[in-house]
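Participant: I have a structure here, written as structure tokens, and I will follow up with some questions on it.
The values are calculated or read from the model by the stated rules, or taken from the named source; none is laboratory data. Please read all numbers here as calculations on a predicted model, not as lab measurements. In this analysis, Cβ positions are derived from the backbone assuming ideal geometry, glycine residues included, and neighbour counts consider all displayed protein chains.
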Amino acid sequence: MKVFGIGIDVIEIERVEKAIETFGDRFLARIFTVNERDYCLRQNRPAVHFAARWSAKEATSKALGTGIGELLSWGDMEVVRRQSGEPEMVLSGDGLEFCSQHGIDQIKVSLTHAKHYAAANAVALTTS
């Protein structure tokens, strides 16, 4: 495996809480998949988990070097949990197409959060 790119992101959890309070479901549906929303809303502090996933998506866009926009949208990325509990980034749409074109086989992500902040890093890997 060869590293295509790496990315990191940190966000204040309060920023996500305020966006949820202000824009509600419209904000959540724009940024997070149905599965992500279902998972986060089952947690004691949903905003913490939404913030970690926001950071994972930002970190992924940095690892790919695309940013979030034309080549990669929020909806192209989904953080899922493996049976072991390990987070995994799954891409679809234009994000999946970008990875296919660039030989990216896997994106490893790590999420963390504390009282006020959530963070994530991402490593895009290729076999070529």
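Participant: If I go through segment 1-16 residue by residue, how many of them are over 17 Å from the mean Cα position of the chain (by Cα) and under 17 Å from His49 (Cα atoms)?
Facilitator: Going residue by residue through segment 1-16, those that are over 17 Å from the mean Cα position of the chain (by Cα) are 1-4, 14.
Filter once more, keeping what is under 17 Å from His49 (Cα atoms): 14.
Selection size over segment 1-16: 1.
Participant: Test each condition in (1) modelled with pLDDT of 95 or more; (2) touching a helix residue (DSSP H, G or I) at 6+ places or on another chain (Cβ under 9 Å); (3) closer than 19 Å to Gly103 by Cα; (4) not aromatic (Phe, Trp, Tyr) for Leu71 and report the one that comes out false.
Facilitator: Going through the list (1) modelled with pLDDT of 95 or more; (2) touching a helix residue (DSSP H, G or I) at 6+ places or on another chain (Cβ under 9 Å); (3) closer than 19 Å to Gly103 by Cα; (4) not aromatic (Phe, Trp, Tyr), Leu71 breaks only (1).
Participant: How about segment 111-123: which of its residues are under 15 Å from Thr60 (Cβ atoms) and either touching an Asp or Glu at 6+ places or on another chain (Cβ under 9 Å) or among the acidic types (Asp, Glu) (or both)?
Facilitator: Step one: list which residues in segment 111-123 are under 15 Å from Thr60 (Cβ atoms), which gives 111, 118-123.
Ala118, Ala119, Ala120, Asn121, Ala122, listed by residue number.
Participant: Just one of Leu41, Leu28, Leu96, Leu72 is closer than 27 Å to Thr126 by Cα, of a type in the set (A, V, I, L, M) and without any contact (Cβ under 8 Å) to a residue 24 or more places away in the chain; which is it?
Facilitator: Exactly one residue qualifies, and that residue is Leu96.
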